[in-house]
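What follows is calculated from the coordinates using simple rules that are stated; it is not laboratory data. Not measured: the values here are computed from a predicted model. For neighbour counting, all protein chains shown are included, and Cβ atoms are generated from backbone atoms with ideal geometry for every residue, glycine included.
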């Protein structure tokens with residue numbers, strides 16, 4: 001379930017009058033709009049606000065013309081400025097003088113409203129002298145709506161308390177009329193309907209801007225005030241439920257991840273499937289790899305191992321090869337594919353966008369279908385994928401190839417299962433230094449509890465069956 005889409009669906013139903021039923025006893029929104037205009041006239045006469053330089057004509061208001069969609073008969077269409085007691089304005093355009101928290105006043109910008117609420121955790125502070133100057137221009141107050149003009153454009157947060165602060169130019173202040181439910185207007189502004197209006201008017205390259213003149217063109221569907229409050233109550237009820245789903249989804253995803261890790265741990269320690277005494281012992285598999293080796297690593301020497309298993313090193317079963325540092329000058333538009341660290345994604349090898357090499361005759365760096373490749377350094381360290389193509393490819397630097405020495409001793413998919421179980425250990429080792437990195441020698445030195453060959457196959461089949469069931473659960477989320 002996509003909880004973000006579900007939230008937007010709730011908002012979409014709300015602004016179309018389909019979330020709560022209409023009450024014929026409610027005062028129509030058209031009367032509400034007239035009362036808002038009267039409120040403004042009263043404030044102008046008292047000198048608390050200035051009259052707008054542009055006097056809107058009745059014929060200019062959108063609820064008399066074309067509208068984006070039909071709303072209930074008791075609603076009206078209007079524009080954002082008609083619902084505000086002061087002109088929509090923004091914060092200071094000056095580069096602020098910052099100070100510390102102890103001596104300063106909170107200063108908010110668009111980065112602090114990305115969650116649709118004001119995040120006070122990482123705000124900056126300006127000097128009290130600058131604060132006195134800025135507050136004369138605009139003093140944000142409780143129930144104001146702060147709209148991001150830059151950065152995360154179109155995201156709005158409502159001021160929930162009376163603390164004193166100032167704002168930067170990246171935020172616009174929308175002050176709803178006393179006759180409007182501010183929480184309703186806040187939800188409408190954060191709906192996809194308003195987001196689409198904002199996006200259609202963005203200007204600038206690289207960092208788009210939303211200008212005040214365009215914000216003022218925003219159309220708003222306005223219900224009666226009583227219905228606004230009912231809508232907000234219903235939205236909040238739904239959002240609490242959706243948040244519970246989101247949290248449960250996250251918790252369940254964590255449980256599934258931990259379950260998979262536990263399944264892998266059981267698998268490589270012989271506790272996932274029963275042993276079959278008729279299986280050829282793993283010690284015989286090791287003899288096939290190195291007939292002269294003295295086997296002192298079976299169950300008789302490692303009693304914690306299941307009967308028939310043997311302890312060895314990964315390097316006893318696989319050759320861990322490093323790629324070659326091909327120069328970008330060697331890259332061609334066609335030829336033999338070159339697998340780079342960027343081609344290992346989501347447990348797969350993707351060569352859709354890869355480089356090509358020509359004229360290389362050294363087979364040392366060639367990879368074949370079935371080879372297990374692993375990222376050896378950088379942010380993707382530990383990511384692995386099986387090379388699935390019949391086409392031969394070359395291996396670039398920072399990518400390792402865990403190549404099986406004897407396919408009749410180690411089942412390829414069991415190798416993959418084993419390496420999946422080692423991811424956390426690899427990450428712990430790789431991130432222990434300044435730069436994420438792991439070497440072929442370290443990987444090769446991993447202890448490898450080796451089961452009989454037939455048991456390797458049974459383990460892989462069981463792991464895959466359980467993982468498939470867990471994936472079905474994950475997809476259903």
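Numbers at a glance
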item: Residue 137 versus residue 392: modelled label distance in nm, points set 7 Å from Cα along the beta carbon direction; result: 6.9
item: Separation of alpha-carbon centers, the stretch 327-365 and the stretch 76-104, rounded to whole Å; result: 53
item: Inter-centroid distance (Cα atoms) of the stretch 199-230 relative to the stretch 440-477, Å; result: 52
item: Value of relative contact order over the stretch 322-477, rounded to a whole percent, pairs C-alpha under 8 Å and six or more apart; result: 23
item: Correct choice for Cα Rg over 2.2 N^0.38 Å that was computed from the model, options (i) 1.09; (ii) 1.42; (iii) 1.00; result: (ii)
item: Exposure proxy ranking, count of Cβ atoms within 10 Å, fewest first, for 394, 98; result: 98, 394
item: Within the stretch 274-451, percent of DSSP bridges classed antiparallel, to nearest 5; result: 85
item: FRET efficiency, residue 407 to residue 329 (Cβ-Cβ, R0 30 Å, nearest 0.05); result: 0.25
item: Sequence-separation-based contact order of the stretch 83-169, relative, with Cα cut under 8 Å and 6+ spacing, percent; result: 38
item: Computed over the stretch 65-205, Kirkwood Rh from alpha-carbon pairs, angstrom; result: 16.0
item: Residues residue 465 and residue 209, FRET efficiency given R0 of 41 Å [Cβ-Cβ distance, rounded to 0.05]; result: 0.15
item: Residues listed by number, the stretch 125-142, amide nitrogen under 19 Å from residue 97 label point at 7 Å toward C-beta; result: 125-138
item: Bins of 10 Å from zero: percent of alpha-carbon pairs in the stretch 274-451; result: 9, 35, 31, 19, 6, 1
item: Sorted by Cβ density within 10 Å, fewest first, the residues 13, 317; result: 13, 317
item: Gain upon complete extension [residue 162, residue 303; 0.36 nm per residue less C-alpha separation]; result: 43.8 nm
item: Which of 131, 42, 211, 93 has the fewest Cβ neighbours within 10 Å, and the rest in rising order; result: 93, 42, 211, 131
item: Viscosity 1.002 mPa s, 20 °C: Kirkwood-radius Stokes-Einstein D of the stretch 386-477 over Cα pairs, µm²/s; result: 136
item: Distance (nanometres) between label positions extended 7 Å along Cα→Cβ at residue 199 and residue 4; result: 1.1
item: For the chain, calculated [θ]222 nm from helices alone, where every DSSP H run of n ≥ 4 adds -39500 (n - 2.57); result: -10500 deg cm²/dmol
item: Förster radius 45 Å - calculated FRET efficiency between residue 123 and residue 348 (Cβ-Cβ, nearest 0.05); result: 0.60
item: Hydrodynamic radius of the stretch 349-439 per Kirkwood, over alpha carbon pairs, in Å; result: 14.3
item: Virtual spin-label span in nm between residue 362 and residue 251, 7 Å along Cα→Cβ; result: 5.5
item: Sequence-separation-based contact order of the chain, relative, with Cα cut under 8 Å and 6+ spacing, percent; result: 14
